[in-house]
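The values are calculated or read from the model by the stated rules, or taken from the named source; none is laboratory data. The structure displayed is predicted, hence computed values, not measured ones. Methodologically, a virtual Cβ is constructed for each residue, glycine included, from the backbone with ideal geometry; neighbour enumeration extends over all protein chains shown. With ligands, DNA and RNA removed, areas are computed over all heavy atoms of the protein, side chains included. Shrake-Rupley method; radii C 1.70, N 1.55, O 1.52, S 1.80 Å.
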Number of protein chains: 2
Amino acid sequence: MGKNKQVPVEEQSGPLMADVARLAGVAISTVSRALANPGRVNEKTRAKIDAAAKQLGYTPNAMARSLRVGRSNIIMIILPGSLYYGVSQIIPQVLQSINKALIQNGYNLMIANLDRDAESERHILDLAFGGTARGAIILSSKLPEIDGRSLANAGLPIVSMLLDMSDAGLPSIVTNDREAVRDVTAEMIRLGHRRFLYIAGPEGNYHDVERYAGVLEALRDAGVPESAVSRSGGRLDYQQGFAIGVHAAADFAQLADRPTAVIATSDDMAISFISRVQRMGFTVPGDLSVVSFDGSPVCEFSSPPLSTIEQPVEEMGQAAVARLLGAIGRSPEEPALRTTIRSKLILRESVAAAKG
Amino acid sequence: MGKNKQVPVEEQSGPLMADVARLAGVAISTVSRALANPGRVNEKTRAKIDAAAKQLGYTPNAMARSLRVGRSNIIMIILPGSLYYGVSQIIPQVLQSINKALIQNGYNLMIANLDRDAESERHILDLAFGGTARGAIILSSKLPEIDGRSLANAGLPIVSMLLDMSDAGLPSIVTNDREAVRDVTAEMIRLGHRRFLYIAGPEGNYHDVERYAGVLEALRDAGVPESAVSRSGGRLDYQQGFAIGVHAAADFAQLADRPTAVIATSDDMAISFISRVQRMGFTVPGDLSVVSFDGSPVCEFSSPPLSTIEQPVEEMGQAAVARLLGAIGRSPEEPALRTTIRSKLILRESVAAAKG
DNA sequence: AGCCGTTTAGCAAACGATTGCCAAAAATCG
DNA sequence: CGATTTTTGGCAATCGTTTGCTAAACGGCT
């Protein structure tokens with residue numbers, strides 16, 4: 001019925017809510033209500049509206065909606081600028097699981113990269129203060145701040161992943177790194193190992209501090225002196241994980257009283273380390289046992305298959321989203337500020353009993 | 001009854017353009033002009049406005065702007081749902097380079113995952129038709145379409161990465177897979193290899209078709225019969241890259257006349273394959289040479305160090321962005337519809353001359 | 001018929017910016 | 001100093017949706 005004199009030459013923008021209303025023969029406000037709040041409208045008209053919308057291929061304009069209601073449905077994830085290999089390995093999985101969880105709840109995921117430069121921080125803050133982002137998940141990094149603006153007071157819910165920032169009042173999803181390292185170290189002690197090499201990430205890095213503390217705890221618990229462990233690395237960024245392993249191998253060769261057990265803080269360090277020491281003539285696990293961090297799939301197929309502490313990324317992603325949406329959904333009833341997800345030790349052939 | 005004055009829980013709306021105008025003592029339209037078009041306004045007032053904006057910590061509302069001007073500054077990248085390990089390895093780098101290039105041009109990157117389910121496709125199309133996305137980069141996947149809507153007619157500029165869709169009229173950024181495989185196969189023939197094993201990805205997959213064609217071309221060029229190459233794999237998705245390699249190793253063991261050269265279509269296949277055949281007692285490159293695809297950093301440290309064809313992801317990302325922004329900014333002055341980036345063969349110890 | 005509870009129409013004001021317009025003010029120049 | 005150019009100030013419309021409001025339409029029920 002009704003002649004539509006409006007010739008939609010403007011392919012620029014698709015059908016509007018008004019078009020749907022016209023086709024369905026209802027008021028525009030009814031359409032809006034039907035779409036947003038199906039309960040408040042008669043089933044019959046709702047069906048009519050749905051049909052009209054589908055027929056026109058109507059898609060509501062997300063920005064108009066966000067502008068009106070004052071909040072977007074975009075969550076941003078802040079990735080550390082330097083994607084060190086270890087994290088790099090798990091990033092796709094993290095993104096995948098976070099994105100999936102978000103979409104199921106009607107949110108979208110936007111990427112923000114936290115490079116070292118001011119421009120990058122400014123960009124993230126623009127996203128936050130400019131109303132584009134509704135919340136943020138920050139992966140293993142500190143909060144960006146510049147020009148007197150800080151992400152902390154952008155009024156956005158924020159969740160920290162991997163890095164424990166609960167001290168700063170930020171909900172944090174972390175793994176039990178320290179405990180995991182302590183356990184695996186204890187296991188190695190049980191296997192007779194008494195001299196250790198610890199291959200570190202960047203000096204002062206949170207993960208590194210935690211993990212090394214785990215080693216020390218295990219030693220203390222077993223009455224082994226702290227001097228039993230040598231450290232290598234700490235000068236380079238995780239980004240150069242392979243390079244760290246190479247260096248560590250050189251360090252290892254220099255040691256007078258050679259360790260029989262090696263704890264690496266990422267899989268890539270362990271892999272390049274093993275590759276190099278094998279070339280020097282050492283055998284794994286004959287001469288030395290190796291365990292590392294991250295749980296990269298490739299570990300199963302290195303030679304020898306590498307023991308590793310798997311980060312439960314999928315679970316962490318889901319936990320982060322759940323936490324964030326909780327904060328958005330206005331539950332000021334904070335559960336625990338810190339959520340710990342247990343990582344899983346996967347023992348493979350790279351670890352064996354100490355000789356003699 | 002009466003006014004139900006729900007307490008507007010901390011209305012987080014920051015300073016507005018009007019506030020800046022008031023503080024700077026100018027009109028709101030002048031502020032807008034100063035920020036968008038610094039040339040059209042007096043240097044002195046511009047400075048005054050900038051100062052006021054900075055003092056207030058003003059950040060323009062991106063959605064209001066986008067709504068008004070009719071286009072957003074969000075680019076979405078559509079990732080294949082099943083992140084097979086090979087692509088998974090390079091995804092962080094892809095995202096990194098694309099995001100960087102986008103930000104430099106004032107755009108933002110949003111992630112969209114193309115899972116197998118209808119919900120995921122619908123979601124992507126909502127982004128496109130709902131005006132959220134201004135353009136799309138699609139990674140190694142076909143265009144999503146459902147409910148009579150297709151990404152193709154969302155009116156968005158689209159660039160395809162890795163997958164050649166220039167036939168469908170889509171600007172595509174691809175690598176010269178075929179040529180690269182042909183060259184490396186030819187090299188192996190030169191080294192005396194005459195029996196090949198090709199470890200395939202999913203049957204019918206674009207990359208796989210191209211790469212296998214490259215093998216055949218090299219054989220033909222050298223006058224070696226096609227029967228010289230056995231195929232393994234093709235049943236599993238890339239996602240199970242390691243599993244494919246494991247299977248391939250089993251297949252290899254069964255072959256009567258064993259190949260001396262192996263071409264794997266991803267690094268992970270090659271790695272698990274090597275791991276398994278070594279366990280069976282074969283040596284690499286003594287008994288067989290292996291080359292693979294992707295250029296994962298880990299290849300350098302596998303045993304033996306693995307020859308691989310490196311995908312120039314950084315370059316591809318930049319090219320994709322350049323192409324997309326070209327399409328957004330300019331008229332349809334299409335350069336070449338297909339841009340080919342050369343991949344780079346990295347020869348390591350896993351390849352050697354054939355015995356005898 | 002009358003009453004009452006649901007639904008809906010129609011209107012209008014937001015949300016925060018951009019932009020065209022015209023007149024007013026200021027700066028420039030001869 | 002008058003004429004001309006440049007720069008601003010207001011004003012108002014616009015982007016597409018949400019949402020509160022009133023009044024009207026509708027139906028079921030007694």
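Note on chain B: with a GNM built from Cα contacts shorter than 10 Å, the maximum mean-square fluctuation among B:Pro38, B:Pro259, B:Pro304 falls on B:Pro38.
For B:Leu345, the residues whose amide H sits under 5 Å from its own are B:Glu310, ignoring neighbours fewer than 5 places away on the same chain, with H placed 1.01 Å from N.
Classify the stretch A:128-246 as rounded, prolate or oblate, taking a ≥ b ≥ c as the square roots of the eigenvalues of its Cα gyration tensor: rounded when a/c is under 1.5, otherwise prolate if a/b is larger than b/c and oblate if not.
Note, shape of the stretch A:128-246 comes out prolate.
For the stretch B:168-288, the relative contact order comes to 29 percent (Cα pairs under 8 Å, sequence separation of at least 6). Annotation for the stretch B:10-48: GluC sites (Glu not before Pro) lying in DSSP loop with at most 11 further Cβ atoms inside 10 Å of their Cβ are B:Glu10, B:Glu11. With a cap of 13 neighbouring Cβ atoms within 10 Å, and only residues DSSP puts in a loop, list the trypsin sites (Lys or Arg not before Pro) found in the stretch A:293-356. Listed in order of number, the matching sites are A:Arg330, A:Arg342, A:Lys355.
As a fraction of the 1.4 Å probe accessible area of chain A, surface on carbon and sulfur atoms comes out at 50 percent.
For chain A, report the translational diffusion coefficient in µm²/s to the nearest whole number, using Stokes-Einstein at 20 °C, 1.002 mPa s, and a Kirkwood Rh over Cα pairs.
Working: Rh = 23.4 Å.
Diffusion coefficient, whole number: 92 µm²/s.
From the alpha carbon gyration tensor of the protein assembly as shown, can you work out the equivalent ellipsoid semi-axes (sqrt of 5 times each eigenvalue) and give them in Å, largest to smallest?
On the way: eigenvalues 470, 238, 105 Å².
Over the Cα atoms of the protein assembly as shown, the ellipsoid semi-axes are 48, 35, 23 Å.
Rounded to whole numbers, the Karplus 3J(HN,Hα) couplings from phi for the stretch A:16-30 are 9, 4, 4, 5, 4, 4, 4, 5, 7, x, 10, 7, 4, 5, 5 Hz, using 6.51 cos²θ - 1.76 cosθ + 1.60 with θ = phi - 60°, and x at Gly and Pro.
Which of the chymotrypsin sites (Phe, Trp or Tyr not before Pro) found in the stretch A:236-312 are loop residues per DSSP with 16 or fewer other Cβ atoms within 10 Å of their Cβ? Walk me through the numbers before you get to the answer.
On the way: sites: A:Tyr238, A:Phe242, A:Phe252, A:Phe273, A:Phe282, A:Phe293, A:Phe301; in loops: A:Phe282.
Listed in order of number, the matching sites are A:Phe282.
Residues of the stretch A:221-264 that bury at least 40 Å² of accessible area when the other protein chains are present, relative to the chain alone (probe 1.4 Å, heavy atoms, ligands and nucleic acids excluded): A:Phe242.
For the pair the stretch A:49-78 and the stretch A:164-205, the centres of their Cα atoms are 45 angstrom apart. Could you state the per residue volume, in Å³, of the convex hull enclosing the Cα atoms of the stretch A:41-135? That works out to 125 Å³ per residue. Taking every Cα-Cα distance in the stretch A:17-58 and sorting them into 10 Å bins from zero, the calculated P(r) comes out as 37, 61, 3 percent.
Dividing the convex hull volume of the alpha carbon atoms of the stretch A:202-263 by its residue count, what do you get in Å³ per residue? It would help to have the intermediate numbers written out before the result.
Details: hull volume 5.2 nm³, N = 62.
Dividing the Cα hull volume of the stretch A:202-263 by its residue count gives 85 Å³.
Structure note, pairs A:Lys344/B:Lys344; A:Lys142/B:Lys142; B:Lys44/B:Lys100; A:Lys142/B:Lys100; A:Lys44/A:Lys100; A:Lys48/B:Lys142: Cα-Cα distances above 28 angstrom occur for A:Lys344/B:Lys344; A:Lys142/B:Lys142; B:Lys44/B:Lys100; A:Lys44/A:Lys100; A:Lys48/B:Lys142.
In this structure the amide hydrogen of A:Leu306, modeled in the peptide plane, comes within under 5 Å of the amide hydrogens of A:Glu300, A:Phe301, none closer than 5 places in sequence on its chain.
Across every pair of non-identical alpha carbons in the stretch A:256-356, the mean reciprocal distance, once inverted, gives a Kirkwood radius of 15.6 Å.
On a per residue basis, the convex hull of the C-alpha atoms belonging to the stretch B:177-311 measures out at 94 Å³. Close amide-amide hydrogen proximity is noted between A:Asn73 and no other residue 5 or more places distant or on a separate chain, at a cut-off under 5 Å (H modeled in the peptide plane; Pro and chain starts excluded).
Under the definition of Cα pairs under 8 Å and six or more residues apart, what whole-number percent is the relative contact order of the stretch A:17-58?
Working: 34 pairs, mean separation 18.1, N = 42.
RCO, the stretch A:17-58: 43 percent.
The residues of the stretch B:124-155 occluded by other protein chains by 50 Å² or more of accessible area, set against the chain on its own, are B:Gly130; surface from heavy atoms, 1.4 Å probe.
Could you compute how much accessible area chains A and B hide from each other, both sides summed, with a 1.4 Å probe? Nearest 100 Å² is fine. The partial results should precede the final answer.
On the way: alone 18180 and 18230 Å², together 31750 Å².
Adding both sides of the contact gives about 4700 Å².
Which of A:Gly317, A:Gly39, A:Gly281 moves most in a GNM of chain A, Cα contacts under 10 Å? The residue with the greatest mean-square fluctuation here is A:Gly39.
Under 20 °C and 1.002 mPa s, how fast does the stretch A:59-215 diffuse according to Stokes-Einstein, given a Kirkwood radius computed over C-alpha pairs? Answer in µm²/s, whole number. Each step should come with its number before you reach the end.
Numbers: Rh = 17.6 Å.
Reported coefficient: 122 µm²/s.
Counted residue by residue at 0.36 nm each, then reduced by the alpha carbon distance between them, the extension gain from A:Ala222 to A:Asn105 reaches 37.3 nm. In this rough spin-label picture, where each label sits 7 Å from Cα along the Cβ direction, the A:Ala47-A:Arg235 distance is 7.5 nm. For chain A, a Gaussian network of Cα nodes joined below 10 Å ranks A:Ala24, A:Ala118, A:Ala319 by mean-square fluctuation, and the top entry is A:Ala24. Structural descriptor for the stretch B:30-161: relative contact order 24 percent, calculated from alpha carbon pairs under 8 angstrom and at least 6 residues apart.
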